[in-house]
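I have placed the structure first, in the form of structure tokens, so that the comments after it can refer back to it.
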Amino acid sequence: MAIKNKAINYRLPLCYEMSSAEVQQIKGVLAQLQRGDLVSDEQFDACLNAFTKRHTATHYTPCDVALEAAQFLCAEVGPGHRILDVGSGVGKFCLMGAALMEDVHFFGIEQRSALCTMADELADQSGLNNVSFLCGNAMNINFKDYTGFYLYNPFYEHLEPFSAIDETIDLDEEYYHIYCGYVRKQLQGMPKGTRVVTYFGGGEEIPLNYDLVKQLFHNDLKCWERR
Ligand SMILES: C[S@@+](CC[C@H](N)C(=O)[O-])C[C@H]1O[C@@H](n2cnc3c(N)ncnc32)[C@H](O)[C@@H]1O
């Protein structure tokens with residue numbers, strides 16, 4: 001089956017400039033994290049524009065979940081490590097991880113250009129230099145370029161189209177299986193000790209050579225490690 005939205009760096013000519021209040025907000029939220037203080041989802045949401053804010057409750061990782069996931073992915077790693085969020089949305093997980101772990105670089109790949117634009121603006125304004133976003137399809141990513149992976153059920157919209165953020169993506173159940181199969185194959189070939197965190201989803205992206213080592217948040221957050 002041909003994947004129609006497969007191009008990497010596909011991006012609408014969108015740009016978005018945060019207001020000075022929103023810039024202060026994202027800087028404040030990340031500084032709070034760096035001091036070791038908790039931040040609330042409402043505080044993060046206050047940095048977002050109207051379009052991206054509409055999806056906070058259902059599509060972006062809650063702050064407490066993001067912190068647990070980043071801590072697990074970075075626990076055994078040091079400088080030079082690269083964590084990839086597959087389907088990064090507005091970049092909430094990556095920004096929070098990057099604020100916490102300054103020696104680790106967080107990358108996000110996101111297919112919806114409006115979300116990439118918001119994520120880019122947040123990254124630019126945050127002052128963090130260890131977070132980057134790519135706009136395109138995760139099918140074009142070579143997982144060997146990264147050392148750890150986060151997935152918040154990115155392909156679910158192909159099973160339940162009513163859950164989709166918008167109508168800019170061709171939805172088809174077959175894509176779900178193609179995308180999960182691609183991720184599974186990429187993860188299968190990663191070195192021993194590679195860590196993956198999934199939030200929601202049935203674990204179809206996880207190959208058999210990974211162990212489930214921890215579950216949190218009513219078992220919705222699953223921490224995996226390559227044998
Ligand atoms: C549930 S949201 C999670 C957002 C972010 N990871 C977070 O935790 O806040 C899933 C995201 O995956 C993106 N996505 C789905 N399929 C994708 C693909 N094949 N390539 C890139 N992004 C994809 C969607 O556009 C959506 O923004």
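Can you tell me which condition residue 124 does not meet? The list is (1) more than 9 Å from the ligand (Cβ to nearest atom); (2) touching a Ser or Thr at 6+ places or on another chain (Cβ under 7 Å), and all the others hold.
It is condition (2) that residue 124 fails.
How many residues does region 191-201 hold that are over 18 Å from residue 64 (Cα atoms) and surrounded by fewer than 19 Cβ atoms within 10 Å (Cβ to Cβ)?
As a first pass, look at region 191-201 and keep what is over 18 Å from residue 64 (Cα atoms): 191-195, 201.
Okay, now just the ones that are also surrounded by fewer than 19 Cβ atoms within 10 Å (Cβ to Cβ), so 191-193, 201.
Of the residues in region 191-201, 4 are over 18 Å from residue 64 (Cα atoms) and surrounded by fewer than 19 Cβ atoms within 10 Å (Cβ to Cβ).
Answer yes if at least one residue in region 180-190 is touching a helix residue (DSSP H, G or I) at 6+ places or on another chain (Cβ under 9 Å), in contact (Cβ under 8 Å) with a residue 60 or more places away in the chain and either surrounded by fewer than 18 Cβ atoms within 10 Å (Cβ to Cβ) or not small (Gly, Ala, Ser) (or both), and no otherwise.
Yes, because at least one residue in region 180-190 is touching a helix residue (DSSP H, G or I) at 6+ places or on another chain (Cβ under 9 Å), in contact (Cβ under 8 Å) with a residue 60 or more places away in the chain and either surrounded by fewer than 18 Cβ atoms within 10 Å (Cβ to Cβ) or not small (Gly, Ala, Ser) (or both).
When both residues are 6+ apart or on different chains and their Cβ atoms are under 8 Å apart, which pairs have a first residue that lies in region 151-179 and is closer than 21 Å to residue 51 by Cβ, and a second that is charged (D, E, K, R) and more than 9 Å from the ligand (Cβ to nearest atom)?
Going by the 8 Å Cβ cut-off, the qualifying pairs are 170/4.
Take the residues of region 142-157 that are more than 8 Å from the ligand (Cβ to nearest atom) and crowded, with 16+ Cβ neighbours inside 10 Å: which is nearest to the chain's Cα centre (by Cα)?
149
I need the full set of residues from region 70-108 which are farther than 13 Å from residue 131 by Cβ, touching a helix residue (DSSP H, G or I) at 6+ places or on another chain (Cβ under 9 Å) and hydrophobic (A, V, I, L, M, F, W, C), in order please.
Those that are farther than 13 Å from residue 131 by Cβ, touching a helix residue (DSSP H, G or I) at 6+ places or on another chain (Cβ under 9 Å) and hydrophobic (A, V, I, L, M, F, W, C): 73, 74, 86.
Is one or more of the residues making up region 13-35 modelled with pLDDT of 95 or more and in a loop (DSSP other than H, G, I, E, B)?
Yes: one or more hits.
Is at least one residue of region 100-111 in contact with a Phe, Trp or Tyr (Cβ under 9 Å, 6 or more places away or on another chain) and in a helix (DSSP H, G or I)?
no
Could you give every pair whose Cβ atoms fall below 9 Å, whose first residue belongs to region 89-113 and is on the phi < 0 side of the Ramachandran plot, and whose second residue is more than 10 Å from the ligand (Cβ to nearest atom) and acidic (Asp, Glu), counting only separations of at least 6 or pairs across chains?
If the second residue must be more than 10 Å from the ligand (Cβ to nearest atom) and acidic (Asp, Glu), the pairs left are 92/41; 107/145.
For region 59-93, which positions are more than 7 Å from the ligand (Cβ to nearest atom), outside any loop (DSSP other than H, G, I, E, B) and touching a Ser or Thr at 6+ places or on another chain (Cβ under 8 Å)?
The answer is 63, 69, 82, 83.
Kindly indicate the residue of region 202-227 that is out of contact with any strand residue (DSSP E or B) (no Cβ under 7 Å at 6 or more places or on another chain) and not polar (S, T, N, Q) and also surrounded by the fewest Cβ atoms within 10 Å (Cβ to Cβ) among those meeting that condition. Outline the logic, then answer.
Start the filter on region 202-227 by keeping residues that are out of contact with any strand residue (DSSP E or B) (no Cβ under 7 Å at 6 or more places or on another chain), which leaves 202, 204, 207-208, 216-219.
Still in the list and also not polar (S, T, N, Q): 202, 204, 207-208, 216-218.
Values: 202: 11, 204: 15, 207: 18, 208: 8, 216: 16, 217: 14, 218: 6.
Of everything passing the filter in region 202-227, 218 is surrounded by the fewest Cβ atoms within 10 Å (Cβ to Cβ).
Of all residues in region 36-54, count the ones that are at pLDDT 85 or above and surrounded by 12 or more Cβ atoms within 10 Å (Cβ to Cβ).
Summing the residues that are at pLDDT 85 or above and surrounded by 12 or more Cβ atoms within 10 Å (Cβ to Cβ) in region 36-54 gives 13.
Quick check on my filter: what residues within region 44-58 are touching a residue at least 40 places away in the same chain (Cβ under 8 Å), farther than 21 Å from residue 156 by Cα and assigned to a loop (DSSP other than H, G, I, E, B)?
Applying the first criterion (touching a residue at least 40 places away in the same chain (Cβ under 8 Å)) to region 44-58 yields 44, 47-49, 51-52, 55, 58.
Right, trim to farther than 21 Å from residue 156 by Cα and you get 44, 47-49.
Scanning region 44-58 gives 47, 48, 49.
The values are calculated or read from the model by the stated rules, or taken from the named source; none is laboratory data. Not measured: the values here are computed from a predicted model. Don't worry about glycine lacking a Cβ; one is built from the backbone with ideal geometry, like all the others, and counts go over all protein chains shown.
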